[in-house]
Every structure is written in structure tokens, then in C-alpha cells.
Amino acid sequence: MTDARPIAVFDLDGTLADTAHRQHFLERSPRDWPGFFAAAPQDAPLPEGVALAHEAAADCALVYLTGRPERCRADTEAWLREHGLPGGPVRMRRDHDRRPAVRTKLEALRGLRSGRTVRMLVDDDPLVCAEAERAGFRVVEADWGRISAELRAGQEREGRT
């Protein structure tokens, strides 16, 4: 990144993108992760998160940090453009990385902080938010989305998003 401004880091699912319509894929056994991710392009934007991203972009460079696997990159970047979100790099999970979101996201945040000031993290996962605060990051917990217990399990125990 050549932009010298501080960084504002935004999660996607449950923060900017409403996943409620596709959470049913996770209510079966086994969970249908391919179906869950294939439906992501139909996510509605979450107005609170989108407004905060635009507000942050006035002073910060944006980085999108998601637990979505790398194979979802084209759909994810198209969704961000389609919904008019500010530009910025998208950091994604490697396709077969099953570590919990709290681990992968904190690792990415520390990497970002090594070269720049991270102004804030906006994320809907309470475990990620708590750990980021403990690590000294300013956190805005996105409490405006609807996240099912199944999706939480996918984030924290199955390392899927």
C-alpha cells in the first residue's frame, strides 16, 4: 500500500454484508460451506457498516479483512464495487486454512500494524473484538448484523469464515 494514512480495517460478513439469507446452509449436518459462500454475491449491504466505512475513508486507507477463503475473491471484490464501498485491499483466508478467526485476524492485524498505524478494527465477532482490544487495537464492535450460532461456530471452532 502506498497510501501513508492510518488504516481502518473492516470485516465483511455481519459487518458490511448481511449474511442472514444464507445462514440456513450452516444449519444442516454437514454444514454446506460451498453453498454458503456461493450465495455471498446476493448479500444485502448493512447500512450501518457501509456508512462507517465511508466515514472512515475520509481519514484512513481501508483494508478489508475477512475470513472468507481466497477462492471467493472475485465475488467479494465485485460485491464491494457493486455496493460502492471505498477501495482498498482485501485480505482473505487461504483456501484450506481452518484456524479460528480470532487467530487469523489477529495475525493479520499485527502484520498491518508493523508498517502502519491501525486506527481501528470494525468486526462483528465478539472474540475477535475482545482479543484485538487486548492487543491494543481500537475496536468498533459491529452489533448491527444478525449472526446465527451456526455461523459463530464456523468462525471460531471450524475456521471457515
Quick check, is D18 open to solvent by 40 Å² or more (accessible area, probe 1.4 Å) and in contact (Cβ under 8 Å) with a residue 60 or more places away in the chain?
no
Within the stretch 67-81, of all residues that are in contact with a helix residue (DSSP H, G or I) (Cβ under 9 Å, 6 or more places away or on another chain) and either over 16 Å from D123 (Cα atoms) or at pLDDT 95 or above (or both), the one most open to solvent (accessible area, probe 1.4 Å) is R71
Going through (1) open to solvent by 70 Å² or more (accessible area, probe 1.4 Å); (2) in contact (Cβ under 8 Å) with a residue 24 or more places away in the chain one by one, E131 fails only at (1)
- On the given criteria, is R91 under 17 Å from L12 (Cα atoms) and free of Cβ contacts under 8 Å to residues at least 40 places away in the same chain? yes
Within the stretch 82-103, restricting to residues that are in a helix (DSSP H, G or I) and open to solvent by less than 50 Å² (accessible area, probe 1.4 Å), the one that is modelled with the lowest pLDDT is A101
Going through the stretch 25-43 in order, the residues found to be within 19 Å of C72 (Cα to Cα) and either in a helix (DSSP H, G or I) or open to solvent by 50 Å² or more (accessible area, probe 1.4 Å) (or both) are F25, L26, R31, W33, P34, G35, F36, F37, A38, A40, P41, Q42
Within the stretch 140-161, the count of residues that are open to solvent by 30 Å² or more (accessible area, probe 1.4 Å) and at pLDDT 95 or above comes to 2
The residue that is modelled with the lowest pLDDT, considering only those in the stretch 112-139 that are under 27 Å from F25 (Cβ atoms) and in a loop (DSSP other than H, G, I, E, B), is D125
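The values are calculated or read from the model by the stated rules, or taken from the named source; none is laboratory data. It should be emphasised that the depicted structure is a prediction, and the values quoted were computed from it without experimental measurement. All Cβ positions, even for glycine, are placed from backbone atoms using ideal geometry, and neighbour counts span all protein chains on display. Protein only, heavy atoms only, side chains kept; ligands, DNA and RNA dropped before computing areas. Shrake-Rupley method; radii C 1.70, N 1.55, O 1.52, S 1.80 Å.
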